[in-house]
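First comes the structure, then the notes that go with it.
The values are calculated or read from the model by the stated rules, or taken from the named source; none is laboratory data. Remember, it's a predicted structure, so these values are computed and weren't measured experimentally. Using ideal geometry, Cβ is built from the backbone for each residue, glycine included, and neighbour counts are taken over all protein chains shown.
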Amino acid sequence: MSKTMPETPLLDQLESGPWPSFVTGLKRLANDEGKPYADYVKSLLGQLEHSYETRKGYWKGGTVGVFGYGAGVIPRFSEIADKFPESSEFHTLRIMPAPGFFYDTKTLRAMTDAWAEHGSGLIALHGQSGDIMLQGCRTDQVQPVWDKINEMGFDMGGAGAGVRTSAACIGPARCEQSCYDTLGAMKSIINDFTDDIHRPSLPYKLKFKFSGCANDCANATQRSDVAVIGTWRDDMQVNQDEVKAKVAQIGRKEFINQVIRMCPTQALALNDDDTLDVDNKSCVRCMHCINVATKALKPGKDRGITILVGGKRTLKIGDLMGTVVVPFMKLETEEDFEQLVDLAHRMLDFFADNALEHERTGEMIERIGLINYLEGLDLPIDPNMVVQPRTNCYVRTDGWDDEVRKWNERNSAAAE
Amino acid sequence: MSALRQPVESGVMDAKTFMHPTLKKNYGHWAWHDRPRPGVLRHVAESGDTVWTVKAGTQRQMDVYTIKTLCDIADEFCDGYIRFTIRSAVEFMTTDEAKVDPLIARLEAAGFPVGGTGNSVGFISHTQGWLHCDIPGTDASGVVKALMDQLVDDFKNEDMPNRVKITTSCCQINCGGQGDIAVNIQHTKPPVINHDLVAGVCERPSVIARCPVAAIRPALVNGKPSLEVDEKKCVCCGACFPPCPPMQINDPVNSKIAIWVGGKHSSTRSRPMFHKLVAAGLPNNAPRWPEVAEVVKNILHTYRDNARSWERMGEWIERIGWPRFFELTKLPFTKYHLDTWRGGRSNLNASAHLHF
């Protein structure tokens with residue numbers, strides 16, 4: 001006997017309107033009589049409607065997992081299972097997609113078929129960390145569906161106090177502005193940290209994100225502990241004929257308004273012949289002019305990455321942006337990628353050894369000071385790490401001469 | 001009982017496994033791109049190969065039939081390849097320009113709005129809400145659906161000064177992230193504690209450690225070990241609720257919605273910015289949140305009508321100044337807008353620069 005469809009007058013109001021409705025999708029599953037998920041989703045709709053009536057959530061955590069891993073399943077048990085017994089267990093499996101969220105339809109269909117057989121039929125593409133979220137699974141179905149998904153070649157994502165699933169912008173797959181292989185870098189790092197993803201044992205979470213340029217399409221600067229952002233060291237590439245064409249297209253005044261005046265460091269000027277004058281020493285690689293004049297301007301050719309560390313949201317000490325710890329590093333050869341992975345391991349080890357419980361990397365650095373982090377990782381200090389030098393005189397400086405010697409040695413070594 | 005299967009600890013697959021052959025062929029060798037019309041990107045490779053991308057909105061929480069519909073469209077127009085963006089839009093790529101218009105028509109007919117490119121309002125990044133989260137103050141999916149229904153034209157057109165990224169979060173953990181406009185739950189009352197359950201459920205020292213203002217202390221209540229909250233100190237952030245569910249922070253009436261503006265992740269032009277509080281105390285009015293939509297539209301359209309080309313929300317406000325922002329939007333400025341958190345003094349005006 002199938003369960004009857006619950007009355008959902010509040011949720012029904014989310015079915016109208018031009019934007020696709022998740023409620024309509026849930027109802028389609030609930031009405032799919034004969035399918036294993038139909039009654040399950042009917043019950044879920046009943047509980048969700050109850051949440052809309054009472055304006056409260058009714059899920060609690062617990063312990064559910066798959067054999068061999070200590071994370072990746074988000075357990076959800078209903079606190080009102082007496083009212084909605086069929087959906088009393090509604091766990092999520094976090095699955096890592098390929099970098100860049102690429103799929104072929106054969107794979108996506110196979111995944112939905114497995115999920116329709118074992119789970120609720122509801123999938124979020126994607127969660128905020130970048131996971132495929134298979135939402136709604138009974139405890140006894142978690143292992144069977146995981147086995148199928150894993151055999152398709154997908155691995156489980158992170159949860160809890162470990163390395164989390166990562167995200168990258170589309171990078172060199174379809175963007176001329178990307179200054180490094182974001183997709184390859186994400187794969188190199190994530191696939192070297194699977195143990196820390198699947199068996200969390202850190203003070204708290206650790207997130208890596210990868211953006212190909214300062215536009216930061218992966219939202220790395222604020223949303224990851226370790227943000228890898230593409231940049232370049234040489235002069236940006238200018239096609240003066242295309243500059244002239246752009247000036248002709250939008251007019252001199254608009255070109256000056258939209259490109260020249262918007263440069264944050266006043267590094268641009270428009271010449272009398274409508275070509276562009278670039279002061280590359282003042283340019284901060286912000287991408288604005290390149291975004292506006294896509295055909296005319298491009299990043300330079302000597303490309304690499306900047307690494308910012310410590311981004312996170314409010315809890316506990318307040319919001320933190322990532323700040324620069326590596327101003328520039330090449331990322332082209334196999335050795336370059338190995339160096340990046342090695343640095344990531346040192347970052348993780350330092351975090352594991354020095355952070356307090358439930359403290360993120362940025363909070364740890366706030367507590368111990370950036371210099372201790374840099375020295376712990378053996379990263380050279382650089383003026384690109386500050387907006388301005390210290391303004392407070394409360395500091396002991398009796399090691400000054402030694403530090404000056406180090407700076408001079410480094411500079412003379414670099415000059416050789 | 002059969003032996004349990006060991007997982008294959010494979011990590012992520014190579015992105016090229018699922019990449020359209022033209023993207024694979026021109027990987028790292030793209031020359032330029034433009035946007036022939038809203039919702040469509042054209043990328044041209046050094047080889048001369050051209051890829052048209054049609055971008056469409058989804059509901060993110062998708063049933064398998066919706067995903068299969070997207071797959072049907074990808075099979076019909078895009079050789080069976082499909083991609084999603086960070087903000088849960090879907091992208092269809094083809095090398096055949098003649099397919100672009102029919103593809104757009106097919107997507108619109110199937111109920112997926114085409115847009116989200118360039119200077120438009122992108123899809124709202126959000127979290128699970130009442131559908132699945134264990135600590136939600138609201139249902140982000142519902143808030144987002146209600147908002148996008150009203151902002152769909154701003155998604156389909158490129159009428160904004162720059163891109164607008166809106167986020168929604170069901171608690172102050174703010175899974176939705178920084179946004180040009182952020183719609184976040186803001187609790188207004190301290191947690192209500194079920195003292196019968198605390199000792200059995202909560203690891204009390206870690207709950208005490210979790211509080212950002214040290215407002216929680218151990219206490220003996222009705223002869224049982226429990227926790228108490230100094231309600232004068234409590235900032236109602238809800239940080240104690242995840243590690244200790246008997247400290248219920250969600251409240252049908254007193255968990256309100258606040259609107260924040262001017263957040264930005266990118267380093268484009270200005271440095272990345274955090275979003276700033278502009279409105280609070282809005283009711284958590286499911287299922288359509290009309291009061292929230294009204295404030296969001298007011299801010300969005302004030303920005304659209306007043307900002308210069310390429311200014312993001314936060315950059316526009318930095319130029320015109322906060323007095324003008326509150327004047328233009330007619331939003332009230334209150335004592336709650338003064339930052340009292342540590343480091344908050346840097347948000348005060350330490351200058352004689354004034355706007356009149």
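Meeting the requirement of 1 or more residues that are farther than 30 Å from residue A:30 by Cβ and either under 22 Å from the mean Cα position of the chain (by Cα) or of a type in the set (Ser, Thr, Tyr) (or both), the strands (runs of 3 or more DSSP E) wholly within region B:31-96 are B:50-56, B:81-84, B:90-94. Summed over region A:134-155, residues that are closer than 19 Å to residue A:198 by Cα, more than 8 Å from every other protein chain (Cβ to nearest Cβ) and in contact with a strand residue (DSSP E or B) (Cβ under 9 Å, 6 or more places away or on another chain) total 5. Does region A:387-402 contain at least one residue that is surrounded by 12 or more Cβ atoms within 10 Å (Cβ to Cβ) and outside the structural domain of residue A:323 (by TED's automatic domain parsing)? Within region A:387-402 (the criterion being surrounded by 12 or more Cβ atoms within 10 Å (Cβ to Cβ) and outside the structural domain of residue A:323 (by TED's automatic domain parsing)), the answer is no, since none of the residues qualifies.
Tell me the strands (runs of 3 or more DSSP E) entirely within region A:225-302 that contain at least 3 residues that are in contact with a strand residue (DSSP E or B) (Cβ under 6 Å, 6 or more places away or on another chain) and either within 20 Å of residue B:315 (Cα to Cα) or within 12 Å of chain B (Cβ to nearest Cβ) (or both).
A:226-232
Of all the criteria given as (1) at the interface with another protein chain (Cβ under 7 Å from one of its Cβ atoms); (2) in contact with a Lys or Arg (Cβ under 9 Å, 6 or more places away or on another chain), the one not satisfied by residue B:122 is (1). Just the residues that are out of contact with any helix residue (DSSP H, G or I) (no Cβ under 8 Å at 6 or more places or on another chain), within 13 Å of chain B (Cβ to nearest Cβ) and assigned to a loop (DSSP other than H, G, I, E, B), please, taken from region A:191-212. If the condition is that a residue be out of contact with any helix residue (DSSP H, G or I) (no Cβ under 8 Å at 6 or more places or on another chain), within 13 Å of chain B (Cβ to nearest Cβ) and assigned to a loop (DSSP other than H, G, I, E, B), then A:191, A:199, A:204, A:205 are the ones that fit. Looking across region B:260-304 at every residue that is charged (D, E, K, R) and within 22 Å of residue A:287 (Cα to Cα), the one that is nearest to the other protein chains (Cβ to nearest Cβ) is identified as B:269. The sole residue among B:327, B:294, B:311, B:318 that is under 18 Å from residue B:183 (Cα atoms) and charged (D, E, K, R) is B:294. Listed by first and then second residue, the pairs with beta-carbon distance under 7 Å, at least 6 apart or on different chains, first residue in region B:278-307 and closer than 19 Å to residue B:139 by Cβ and touching a residue at least 40 places away in the same chain (Cβ under 8 Å), second assigned to a loop (DSSP other than H, G, I, E, B) and among the polar types (S, T, N, Q), are B:284/B:138; B:287/A:13; B:288/A:13.
Residue by residue, here is whether (1) more than 30 Å from residue A:193 (Cβ to Cβ); (2) more than 7 Å from chain A (Cβ to nearest Cβ); (3) in contact with a Phe, Trp or Tyr (Cβ under 7 Å, 6 or more places away or on another chain) holds:
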| position | (1), (2), (3) |
| --- | --- |
| B:44 | yes, yes, yes |
| B:74 | yes, no, yes |
| B:83 | no, no, yes |
| B:90 | no, yes, yes |
| B:99 | yes, yes, yes |
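Does residue B:60 satisfy being more than 7 Å from chain A (Cβ to nearest Cβ) and either closer than 22 Å to residue B:154 by Cα or surrounded by fewer than 20 Cβ atoms within 10 Å (Cβ to Cβ) (or both)? Taking the combined requirement at face value, the residue does not satisfy it.
The set of residues in region B:341-351 that are over 25 Å from the mean Cα position of the chain (by Cα) and among the polar types (S, T, N, Q) comprises B:346, B:349, B:351. Residues in region B:104-113 that are touching a strand residue (DSSP E or B) at 6+ places or on another chain (Cβ under 7 Å) and either buried (at least 24 other Cβ atoms within 10 Å of the Cβ) or of a type in the set (D, E, K, R) (or both): B:108, B:112. Looking across region A:330-373, the residues that are among the acidic types (Asp, Glu) and either part of a helix (DSSP H, G or I) or surrounded by 14 or more Cβ atoms within 10 Å (Cβ to Cβ) (or both) come down to A:334, A:335, A:336, A:338, A:342, A:349, A:353, A:359, A:363, A:366. Taken as a whole, the structure leaves residue B:112 outside the set of residues that are in a loop (DSSP other than H, G, I, E, B), within 10 Å of chain A (Cβ to nearest Cβ) and closer than 27 Å to residue B:308 by Cα.
Where in region B:220-292 are the strands (runs of 3 or more DSSP E), entirely inside, with at least 1 residues that are among the hydroxyl-bearing types (Ser, Thr, Tyr)?
The strands (runs of 3 or more DSSP E) meeting that bar are B:224-229, B:255-261.
Checked against the criterion of being under 30 Å from residue B:238 (Cβ atoms) and among the aliphatic types (A, V, I, L, M), region A:215-224 has at least one qualifying residue.
Residue-by-condition table, conditions (1) within 7 Å of chain B (Cβ to nearest Cβ); (2) within 30 Å of residue B:56 (Cα to Cα):
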residue: A:7; (1), (2): no, no
residue: A:14; (1), (2): yes, yes
residue: A:18; (1), (2): yes, yes
residue: A:30; (1), (2): no, yes
residue: A:45; (1), (2): no, yes
residue: A:57; (1), (2): yes, no
residue: A:65; (1), (2): no, no
residue: A:95; (1), (2): no, yes
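You will find that of B:257, B:249, B:208, the residue that is more than 26 Å from residue A:51 (Cα to Cα), among the aliphatic types (A, V, I, L, M) and within 13 Å of chain A (Cβ to nearest Cβ) is B:208 and no other. On the basis of being over 27 Å from residue B:41 (Cβ atoms), surrounded by fewer than 23 Cβ atoms within 10 Å (Cβ to Cβ) and within 8 Å of another protein chain (Cβ to nearest Cβ), does residue B:139 make the cut? No: the conditions fail for residue B:139. Residues that are free of Cβ contacts under 8 Å to residues at least 60 places away in the same chain, in the same structural domain as residue A:50 (by TED's automatic domain parsing) and within 29 Å of residue B:170 (Cα to Cα) number at least 1 in the following strands (runs of 3 or more DSSP E) confined to region A:65-181: A:92-96, A:119-125, A:132-137.
Of everything in region A:53-64, what is in contact (Cβ under 8 Å) with a residue 24 or more places away in the chain and either part of a loop (DSSP other than H, G, I, E, B) or surrounded by fewer than 20 Cβ atoms within 10 Å (Cβ to Cβ) (or both)? Give them in sequence order. Full working, then the answer.
Here is the first cut: in region A:53-64, the ones in contact (Cβ under 8 Å) with a residue 24 or more places away in the chain are A:53, A:59, A:64.
Hits for region A:53-64 are A:53, A:64.
The single condition among (1) acidic (Asp, Glu); (2) touching a Pro at 6+ places or on another chain (Cβ under 8 Å); (3) closer than 30 Å to residue A:181 by Cα that residue A:357 does not meet is (3).
Results for (1) β-branched (Val, Ile, Thr); (2) in contact with a strand residue (DSSP E or B) (Cβ under 8 Å, 6 or more places away or on another chain); (3) at pLDDT 95 or above, shown as yes or no for each residue.
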{"residue": "A:2", "(1), (2), (3)": "no, no, no"}
{"residue": "A:5", "(1), (2), (3)": "no, no, yes"}
{"residue": "A:12", "(1), (2), (3)": "no, no, yes"}
{"residue": "A:28", "(1), (2), (3)": "no, yes, yes"}
{"residue": "A:39", "(1), (2), (3)": "no, no, yes"}
{"residue": "A:47", "(1), (2), (3)": "no, yes, yes"}
{"residue": "A:50", "(1), (2), (3)": "no, no, yes"}
{"residue": "A:60", "(1), (2), (3)": "no, yes, no"}
{"residue": "A:64", "(1), (2), (3)": "yes, yes, yes"}
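Considering region A:174-196, and only residues there that are touching a His at 6+ places or on another chain (Cβ under 9 Å) and more than 23 Å from residue A:361 (Cβ to Cβ), the residue that is surrounded by the most Cβ atoms within 10 Å (Cβ to Cβ) turns out to be A:174.
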